[in-house]
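Encoded as structure tokens, the structure appears first; notes follow it.
Please treat every number below as a calculation from the coordinates, not as lab data. What you are looking at is a predicted structure, and each value in this text was computed from that prediction instead of being measured. Counting neighbours? That spans all protein chains shown, and the Cβs are built from the backbone with ideal geometry, glycine included.
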Amino acid sequence: MRRLRVGVMISGRGSNLQALLDACAAPDFPAEIVLVVSNRADAQGLARAKAVGVATRVVPHRDFASREAFDAAVTEAFEAVEAELICMAGFMRLVSAEFVQHWRDRLINIHPALLPAFKGLDTHRRALAAGAKEHGCTVHFVRHEMDSGPIVGQAVVRVLADDTADTLAARVLEAEHRLYPHCLRLIAEGRVRVRGEIAEIAGNGAPD
Ligand code: GAR
């Protein structure tokens with residue numbers, strides 16, 4: 001079986017990276033992680049990759065004069081290992097228009113809200129403040145406008161009357177850990193076609 005060569009970008013804890021690593025550990029999973037890049041040397045996710053023998057690179061953004069120069073170094077790192085798809089997994093920096101264009105329809109992100117609602121940070125507190133009854137997470141192809149782009153999949157989490165931002169975040173995170181590998185599988189199996197701003201899913205696009 002040919003496996004899609006995947007690069008992952010992280011900045012911190014790396015629990016979504018862990019979910020992707022776990023999925024890729026199954027012999028019949030159609031993707032493999034060939035490199036994890038972090039912009040922070042202290043990202044906990046780096047140890048998760050190392051623990052299973054996946055290559056890591058730290059590309060400290062402060063070493064670069066511009067966002068474009070940092071992004072170009074990241075592109076170079078992924079191209080050196082022939083990555084075919086990049087997954088952002090808690091990567092907490094904006095990327096340049098050049099980077100988005102270079103990886104167009106080959107760059108996905110997970111966001112902790114049901115896009116297009118609650119773009120940006122602090123999504124769980126804002127969902128509670130808005131009185132949302134449903135919340136969740138989204139995997140989408142990355143476009144230049146922050147937290148926008150063709151949606152590959154979403155998972156819905158019910159908001160409970162006694163939720164705090166932390167309890168809601170914890171349930172959304174569990175949903176993220178199921179959704180991200182599911183969406184990666186769909187793409188790796190060639191079941192996702194991007195037409196303009198819509199991602200079309202062949203077969204049933206619902207999470208397992
Ligand atoms: C996740 O909840 C992810 O959706 C979010 O950061 C967390 C990273 O956790 N991403 C964003 O907010 C992107 N703007 P992790 O490092 O444990 O995967």
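VAL8 - would you say it is part of a strand (DSSP E or B) and within 11 Å of the ligand (Cβ to nearest atom)?
Criteria met by VAL8.
Please state which of the following conditions ALA188 fails to meet, knowing it meets all the rest: (1) surrounded by fewer than 15 Cβ atoms within 10 Å (Cβ to Cβ); (2) away from the ligand (no atom under 12 Å from the Cβ).
(1)
Failed condition for GLY53, given (1) within 16 Å of the ligand (Cβ to nearest atom); (2) farther than 18 Å from TYR180 by Cα; (3) part of a loop (DSSP other than H, G, I, E, B); (4) not aliphatic (A, V, I, L, M), with all others met?
(1)
If you go through segment 89-107 one residue at a time, do you hit one that is touching a Cys at 6+ places or on another chain (Cβ under 9 Å) and not in a helix (DSSP H, G or I)?
yes
What's the number of the only condition in (1) among the hydrophobic types (A, V, I, L, M, F, W, C); (2) touching a Leu at 6+ places or on another chain (Cβ under 8 Å); (3) surrounded by 15 or more Cβ atoms within 10 Å (Cβ to Cβ) that VAL37 fails to meet?
(2)
For segment 25-46, enumerate the residues that are in contact (Cβ under 8 Å) with a residue 24 or more places away in the chain and either hydrophobic (A, V, I, L, M, F, W, C) or within 15 Å of GLU176 (Cβ to Cβ) (or both).
ALA25, PHE29, ALA31, ILE33, VAL34, LEU35, VAL36, VAL37, ALA43, GLY45, LEU46
Can you pull out every residue in segment 106-121 that is touching a residue at least 60 places away in the same chain (Cβ under 8 Å) and more than 11 Å from the ligand (Cβ to nearest atom)?
Within segment 106-121, just ILE108 meets the criteria.
Looking at (1) under 20 Å from SER15 (Cα atoms); (2) part of a loop (DSSP other than H, G, I, E, B); (3) touching a strand residue (DSSP E or B) at 6+ places or on another chain (Cβ under 8 Å), which one does HIS140 not meet, given that it meets all the others?
Going through (1) under 20 Å from SER15 (Cα atoms); (2) part of a loop (DSSP other than H, G, I, E, B); (3) touching a strand residue (DSSP E or B) at 6+ places or on another chain (Cβ under 8 Å) one by one, HIS140 breaks only (2).
Output the residue which, of all residues in segment 75-86 that are outside any helix (DSSP H, G or I) and on the phi < 0 side of the Ramachandran plot, is surrounded by the fewest Cβ atoms within 10 Å (Cβ to Cβ).
Only one residue fits best here, namely VAL81.
Collect the residues in segment 18-40 that are closer than 17 Å to ARG57 by Cβ and within 15 Å of the ligand (Cβ to nearest atom), keeping them in residue-number order.
Hits for segment 18-40 are LEU20, LEU21, ILE33, VAL36, VAL37, SER38, ASN39, ARG40.
I'd like to verify a number: residues in segment 153-184 that are away from the ligand (no atom under 14 Å from the Cβ) and touching a strand residue (DSSP E or B) at 6+ places or on another chain (Cβ under 7 Å), how many?
Qualifying residue count, segment 153-184: 4.
So in segment 87-109, with the set limited to residues that are more than 21 Å from VAL172 (Cβ to Cβ) and of a type outside the set (A, V, I, L, M, F, W, C), which one is surrounded by the fewest Cβ atoms within 10 Å (Cβ to Cβ)?
Checking each candidate, the answer is GLN101.
Going through segment 144-182 one residue at a time, which ones are under 17 Å from the mean Cα position of the chain (by Cα), assigned to a loop (DSSP other than H, G, I, E, B) and surrounded by fewer than 18 Cβ atoms within 10 Å (Cβ to Cβ)?
The answer is HIS144, GLU145, MET146, SER148.
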